[in-house]
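Okay, structure first, notes after.
Every read-out reported here was derived from the displayed coordinates using simple, explicitly stated rules and does not represent laboratory data. What you see is a predicted model; the values in this text were computed from it and never measured. Methodologically, a virtual Cβ is constructed for each residue, glycine included, from the backbone with ideal geometry; neighbour enumeration extends over all protein chains shown.
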Amino acid sequence: MSTTQVVPDASGSASAREGYPDHRRMVRFDWTGTPLHWVPGDPFSTHMVNVLHLLLPAGERWFIGVVNEAAPLVGDPEVARAIQPFVQQESWHAWAHAVVLDEMAKHGIDSEPFTKSLERYFARTGSPKPNWPEPLQRWWLHRRLADVAAIEHFTAVLGQWVIQNRGLDYAGADPMMLDLLRWHGAEEVEHRALVYDVFEDLSGSYVLRCLAMLFVAPSLLAWWLRGVRYLMAHDPTSPPRPRWRDWFRAARQYRVPGPWMLIVTTPMRYMRPGHHPSKEASTELARQYLAQSPAARHARATAGNGSA
C-alpha cells in the first residue's frame, strides 16, 4: 500500500498520498528560437533526448486508455480520485511533445513513419481483447497495468535525473527545451505512484509486476535505440551514425542517462519485493522545480487571469 503523507504542491494545495498528482498545469512553449541541435555541437545527445518526443505522445495516450479502462474497477477512493488529474497531466504531456515533432518537421525531420510504427505496436500488443473470456480479459488488463506501472517507474527515474543533472546546462542546451523536459519530468515524479497503486488495487501480483518489467525494459531500450538511429538518419545535417561510444561519452558528461542506469539499476530497484514508487525520487524536489519553471509560472499567471 502507498504511504499517506500529505504533500503540499507549489500552489499550497495538497495530494493525499505521496506520489499522486494534484492538477494539470497547462504549460505552453515557444519553439521559434530553438535550433535543430538544441545541444550545441552535439547531434547525438540532442537526438538521444529527442527520442522522448517520438515515444511519448503515443505512449501517454496508451497509458490513458489503460488507466481509464481500469478506473471503474478501482476500490480505493483515494486512488480513484487521483486518476482524473493523472489522465489530464498525461494528455497534456502527449500534446506538448507532439508540438515538438511539428517543429522538428520544420527542420526537415519527418517523424510520422516512426510514430505510426509505434502506434501500430501499441495497437497490436496493448489493446483490449473484448472477445476473450472474462477471466482472460481481467488478466490482460492487469498485465497492461503492470506494463504501464513499469514504464512509469522509468519516467519517474528519468524525471528525477533531468531535474538534478546539470550536464545539459553546462553544454549550453536550449533553455526552452530544458524547461519542457524538466516540467514533464517533475510531473512524472509527482504522479509516480498512481498507476502502481491502481495495479496493486486490482491485482497486486508481485510475479506479474516483475514479469512486466522484464518485458518493458528491453522493449523500451530497443525502441529508444531505434529512435536514435531514425532521427540521426533523417537529420538533414547528415551527422555520423550513432555509436555506443557516443552514448558512453554523453553519459560521462551527464548529457544523457547512462546505459547502466537504464538497463540495470532502474529495473532492479523496481523488482525488489518491498518496492513502492513513493520511495523513488523526490516529490519536494519536483515541486520546487514546478514552482520556478518559466512555463509553469506563466501557466499559473494565465490561469489566475482567467485566460486558461
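Key figures for this structure:
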quantity: Listed residues Val67, Val100, Val264, most fluctuating in the chain (Gaussian network, C-alpha, under 10 Å); calculated: Val264
quantity: Contour excess over end-to-end distance, with Cα ends at Trp140 and Asp169 and 0.36 nm allotted per residue; calculated: 6.2 nm
quantity: Most fluctuating residue given options Leu141, Leu158, Leu214, as computed from a GNM of the chain linking Cα atoms under 10 Å; calculated: Leu214
quantity: For the stretch 38-300, size of Cβ-based charge dipole, Lys and Arg +1, Asp and Glu -1, in debye; calculated: 780 debye
quantity: Karplus-derived 3J(HN,Hα), 6.51/-1.76/1.60, for each residue of the stretch 230-245, Hz, glycine and proline x; calculated: 4, 5, 6, 5, 9, 5, x, 7, 6, x, x, 4, x, 10, 4, 5
quantity: Computed [θ] at 222 nm, helices only, for the chain once each DSSP H run of length n ≥ 4 contributes -39500 (n - 2.57); calculated: -21500 deg cm²/dmol
quantity: Extended-chain gain in nm, criterion 0.36 nm per residue less alpha-carbon gap, Arg269 and Ala123; calculated: 49.7 nm
quantity: Per-residue ³J(HN,Hα) for the stretch 73-80, Karplus 6.51 cos²θ - 1.76 cosθ + 1.60, θ = phi - 60°, Hz, x for Gly and Pro; calculated: 9, 6, x, 7, x, 5, 5, 4
quantity: Amide proton proximity set for Val74, modelled H, under 5 Å, gap of 5+; calculated: none
quantity: R0 of 35 Å, Cβ-Cβ distance Gln253-Thr32: FRET efficiency to nearest 0.05; calculated: 0.80
quantity: Highest-fluctuation residue, Tyr196, Tyr170, Tyr20 considered, GNM on the chain with Cα pairs under 10 Å; calculated: Tyr170
quantity: Rounded tilt (10° steps) of 294-304 against the dominant C-alpha axis of the chain; calculated: 60 degrees
quantity: In order through the stretch 267-283: 3J(HN,Hα) via Karplus (6.51 cos²θ - 1.76 cosθ + 1.60), integer Hz, x for Gly, Pro; calculated: x, 5, 4, 5, 8, 5, x, x, 5, 9, x, 4, 8, 9, 6, 10, 4
quantity: Semi-axis lengths, Å, the chain, gyration tensor of Cα atoms, sqrt of 5 times eigenvalues; calculated: 30, 24, 19
quantity: Computed E for Glu284/Gln84 - FRET, C-beta separation, R0 25 angstrom, nearest 0.05; calculated: 0.60
quantity: Spacing of the two label points (7 Å from each Cα toward its C-beta) at Glu112 and Arg243, in nm; calculated: 3.5 nm
